[in-house]
Amino acid sequence: MALFEKGVIAGESSGRSGGLIEAMLSDPTKMDLIELSKQRWSELSSITGEDIGFLRRGSTMLFGKNKADMLGLCEGWVESVKGLPNGGARMVSAAEAARMAPGSTSPLAGGLTCPDDASAEPVYSAPAMAIGARKLGAKIYQFCAVRGLERTGGRISGVVTEKGTVKCSSVVLAGGVWSQVLAHDLGLDLRTLQCFAKGASLHPFEGPDYGTLSIVADHEVGWRKQSDGGYIVWEFTGIAPSFRSYCSTPFSSCRPSKPMPLH
Ligand SMILES: Cc1cc2nc3c(=O)[nH]c(=O)nc-3n(C[C@H](O)[C@H](O)[C@H](O)COP(=O)(O)OP(=O)(O)OC[C@H]3O[C@@H](n4cnc5c(N)ncnc54)[C@H](O)[C@@H]3O)c2cc1C
């Protein structure tokens, strides 16, 4: 098995996500899948032999008094996931909310918490998957973009990379936000919504540690204490640019300059 990566392992979404593995406010039909996902993430360290920073520290969403109408929606969601694996979902009182977000400049009306929700550190977990795959015999090529596929008699017979063609009989397209571009070149219409979001990782400091905490009030922000004692922080707003701008961007201009060393 071989993986071709146009840039570096963990250089895109998987290395930069919030690391949240959550049931919180998810579609009730997905609850079994989310629970299975938490289970699989909890096993990843022992499978790969690498630390991934997996923790079940819970997730909480608090609402300002100006967003108190959201509490009714949350109560409806808690009701809809009763009897399902729901991360221990329950409502949070205004007093508890004030304790969880000391110093909040917005008065809080209450919130929703799922104490069994989990997180992992993206900067560890994405490389851990690559290192683990390599231990199991996979070959990983960084700085090697896939340009297209070769077919013989209508069946897949090779992958065309920027460094040459590699013979194979099956291919998995796992290009994240770029999958749509490759699929488009293959004549396939892969409908995905591409979205940019802002986040930052802060150096360690003493502060609140209630797993993942989001506040929906005058501003919509969230944070999670990282396993190094720092914080990942984010704003909820996402921007979805047009597909056309992706199609005109050459793959090679969208990558860092050095490969990631995989030990
Ligand atoms: C800011 C942010 C926060 C997020 N937070 C969360 C969260 O808390 N919880 C959660 O569950 N999800 C979160 N997500 C979503 C999650 O990160 C993504 O859904 C997930 O990482 C996608 O993984 P992937 O392997 O499909 O894609 P990626 O991680 O993007 O990997 C695809 C790889 O394919 C490579 N590639 C693309 N085209 C080619 C090509 N032609 N040739 C070779 N290589 C190619 C890319 O360089 C890339 O490295 C977040 C996303 C963002 C952007």
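The values are calculated or read from the model by the stated rules, or taken from the named source; none is laboratory data. Here the structure is a predicted model, which is why all the values come from computation and not from measurement. We place every Cβ from the backbone using ideal geometry, glycine too, and count neighbours over all the protein chains shown. The protein model used for the area step is the full one, side chains on, heavy atoms only, and it has no ligands, DNA or RNA in it. Shrake-Rupley method; radii C 1.70, N 1.55, O 1.52, S 1.80 Å.
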How about segment 139-162: which of its residues are open to solvent by 40 Å² or more (accessible area, probe 1.4 Å), assigned to a loop (DSSP other than H, G, I, E, B) and within 23 Å of A126 (Cβ to Cβ)?
E162
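For (1) in contact (Cβ under 8 Å) with a residue 12 or more places away in the chain; (2) among the β-branched types (V, I, T), each residue gets a yes or a no:
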position	(1), (2)
G158	no, no
V166	yes, yes
S170	yes, no
G175	yes, no
S179	yes, no
A183	no, no
D189	no, no
A197	yes, no
L202	yes, no
Any hit, segment 33-52, residues being within 16 Å of the ligand (Cβ to nearest atom) and at positive phi
no
The lone exception for I21 - which of (1) modelled with pLDDT of 95 or more; (2) more than 29 Å from G137 (Cα to Cα); (3) touching a Lys or Arg at 6+ places or on another chain (Cβ under 7 Å) it fails:
(2)
Pick from segment 1-44 the residues that are without any contact (Cβ under 8 Å) to a residue 24 or more places away in the chain and of a type in the set (K, R): which of them is most open to solvent (accessible area, probe 1.4 Å)?
R40
Leading residue by the ranking (nearest to A133 (Cα to Cα)) among those in segment 45-70 that are open to solvent by 30 Å² or more (accessible area, probe 1.4 Å) and assigned to a helix (DSSP H, G or I)
I47
Filter segment 100-128 down to the residues that are of a type in the set (G, A, S), away from the ligand (no atom under 14 Å from the Cβ) and touching a Lys or Arg at 6+ places or on another chain (Cβ under 9 Å) and list them by number.
S106, A109
